[in-house]
Amino acid sequence: MKIGVISADITSESRVAITPDAVKKLRKLGFEVVIQSGAGQAAYYADELYQAAGADIASSRTEVITQSKIITTVNDLPAEAIESLSSGQIVIGMLDPYRNTQLDTYAAKGATVFAMELLPRTLSRAQNMDVLSSQANLAGYKAVLLAANEYSRPFPMFMTSAGTVKPAKVVILGVGVAGLQAIATAKRLGAVVEASDLRPTAREQVESLGGKWLDVPMSAEEAETAKSTGGYAWTPSEQYVKDQAAVVDKALSNADIVITTAQIPGRNAPRLVYGATLAKMKAGSVLIDMAAGTGGNVEGSVPNETITTDNGVRIVGAANIPSMLAAQSSDLYANNLVNFITTLIAPAGDDASASLALNLDMEDEIQGALAVTHDSQVRLAKR
């Protein structure tokens, strides 16, 4: 049984779904692997490395799809590639399912499609398949380096004979995986770091990394509700939203660097920074909008562009930061995929000589959660 690896559009994506090390792991499981020539080139994985790991090289995307039972991809397949699919094939990737306009086409082709973003992150056995965490961790780190490159002053405090250089003030908005890594990286570079998140429970994590929590007063009832839901399902009051905006506005007015990380699967990113706040920021300050590709946390941000406001604030629309660390992000992503693919393999039983077989089980808590099409039907619930 073959697993196929197709090439991404290198103008917007440098990652590859399966790396040479992952090929070795898949072959140990009993799979053959075929990869489109040049698919790993942008991540510094040449065809020769795949061949050495035991993969076959195909000259075209169509050739890969024709040979493969399972097709792995980083992002959604192009429309012409979907047309090449046949009934019973499996597609696995980060497919942006709630925005994906091609699910009906996948279903019509009879393909089973797994969207890795839908992984139930609370399941302990699913942690090693969590593509959102693996990619966000690297993105949070790289976002700080992008900010340091854009900022015209150093991050740490320097004591020199010509005077003291003050440390940069960094504000992180959104304290998920990316935000926590951004805090840790900015602290390692010597910055003074503040952070804010809708979840009050994030305070302990921020302070454990040496950051200062931007505290927003709340009633005892709100505090208990936010704590019991973990913050994710909590709907803050109008007064809390207003108070939080005031606290964030003051912090950003004094900040040198702002990194926004808030994204909601299937929806536009929440707006965190508005034009009125941008107008108060210092000339030369930098905002890295990690959600620029999904609507943007910062008013005026443009995906993959750097905008300078009239008052000299630089807004970097960082739409796909993991692609900037293609070698490492591909390696982690490939491991996530291999770990998920192992859940698709039918138990060998007592017959050690039995050939490799798949067991698609929509009742399984992982497979069922990730499957967006199966049996010629779209399974994804509307949002």
With equal scatterers on the alpha carbons only and no solvent term, can you work out the Debye log10 of I(q)/I(0) for the range 143-184 at 0.15, 0.19, 0.27, 0.32 1/Å? -0.45, -0.65, -0.98, -1.12
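Tell me, in nm to one decimal, what length is gained between S37 and S253 on full extension, where the rule is 0.36 nm per residue of separation less the Cα-Cα distance?
Stretched out fully, the S37 to S253 stretch lengthens by 72.8 nm.
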Mind checking the angle between helix 131-150 and the chain's longest principal axis? C-alpha axes, 0 to 90 degrees, to the nearest 10. 40
Can you tell me what share of the DSSP beta bridges in the range 260-383 is antiparallel? A percent to the nearest 5 is fine. 50
Applying 1/(1 + (r/R0)^6) with R0 = 22 Å to the Cβ-Cβ distance of A279 and K212, what FRET efficiency is obtained, to the nearest 0.05? 0.35
Mind checking which lysines have their Cα closer than 29 Å to the Cα of K25? Skip sequence neighbours fewer than 8 apart in that chain. K2, K69, K142
Just to be sure I understand: of the beta bridges DSSP finds with both ends in the chain, what percent are antiparallel, rounded to 5? 25
Give me the net charge of I6's neighbourhood, meaning all other residues with Cβ under 15 Å from the Cβ of I6; Lys, Arg count +1, Asp, Glu -1. -4
Local electrostatic count at S253 - Lys and Arg +1, Asp and Glu -1, tallied over other residues with Cβ under 10 Å: +2
Carbon/sulfur accessible area of the range 106-157, % of total, 1.4 Å probe, equals 50
Is the shape of the range 126-266 rounded, prolate or oblate, going by the alpha carbon gyration tensor and its root eigenvalues a ≥ b ≥ c, with a/c under 1.5 for rounded and a/b larger than b/c for prolate? oblate
Tell me the carbon and sulfur percent of the accessible area for the range 237-383, rounded to whole percent, probe radius 1.4 Å. 48
From zero outward in steps of 5 Å, how is the percent of C-alpha pairs of the range 6-160 spread across the bins? 1, 8, 14, 18, 18, 15, 10, 5, 4, 3, 2, 1, 0, 0
To check my understanding: the extent here is largest minus smallest coordinate of the Cα atoms along each principal axis. What are those three numbers for the chain, in Å, largest first? 71, 51, 37
Would you mind calculating the gained length between E305 and M159 on full extension (0.36 nm times residue separation, minus the Cα-Cα distance), in nm to one decimal? 49.1 nm
Three-way shape call for the range 259-325 based on the alpha-carbon gyration tensor, with the a/c threshold at 1.5: oblate
Debye calculation, C-alpha points only, no solvent: report log10 I(q)/I(0) for the range 1-93 at q = 0.21, 0.23 Å⁻¹, in the same order as the q values. -0.97, -1.17
Return the long-range amide H neighbours of V33 (sequence gap of 5 or more, or a different chain), with a cut-off of under 5 Å between placed amide H atoms. I3, D56
If packing is taken as the average number of other Cβ atoms within 10 Å across a peptide's residues, how do 241-247, 309-315 rank, most packed first? 309-315, 241-247
Looking at the range 223-326, which chymotrypsin sites (Phe, Trp or Tyr not before Pro) are DSSP coil and have at most 11 other C-beta atoms within 10 Å of their C-beta? Y232
Within a Cβ distance under 15 Å of L49, other residues only, what is the Lys/Arg minus Asp/Glu net charge? -2
Sorted from largest down, what three extents in whole angstroms do the Cα atoms of the range 198-342 have along their principal axes? 47, 44, 31
Using the heavy atoms of the protein chains and a 1.4 angstrom probe, tell me the accessible area per residue for the range 7-162 in square angstrom. 45
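The values are calculated or read from the model by the stated rules, or taken from the named source; none is laboratory data. Nothing here was measured: the structure is a model prediction, and the numbers come from that model. Using ideal geometry, Cβ is built from the backbone for each residue, glycine included, and neighbour counts are taken over all protein chains shown. Just the protein is used for accessible areas: all its heavy atoms, side chains included, with ligands, DNA and RNA removed. Shrake-Rupley method; radii C 1.70, N 1.55, O 1.52, S 1.80 Å.
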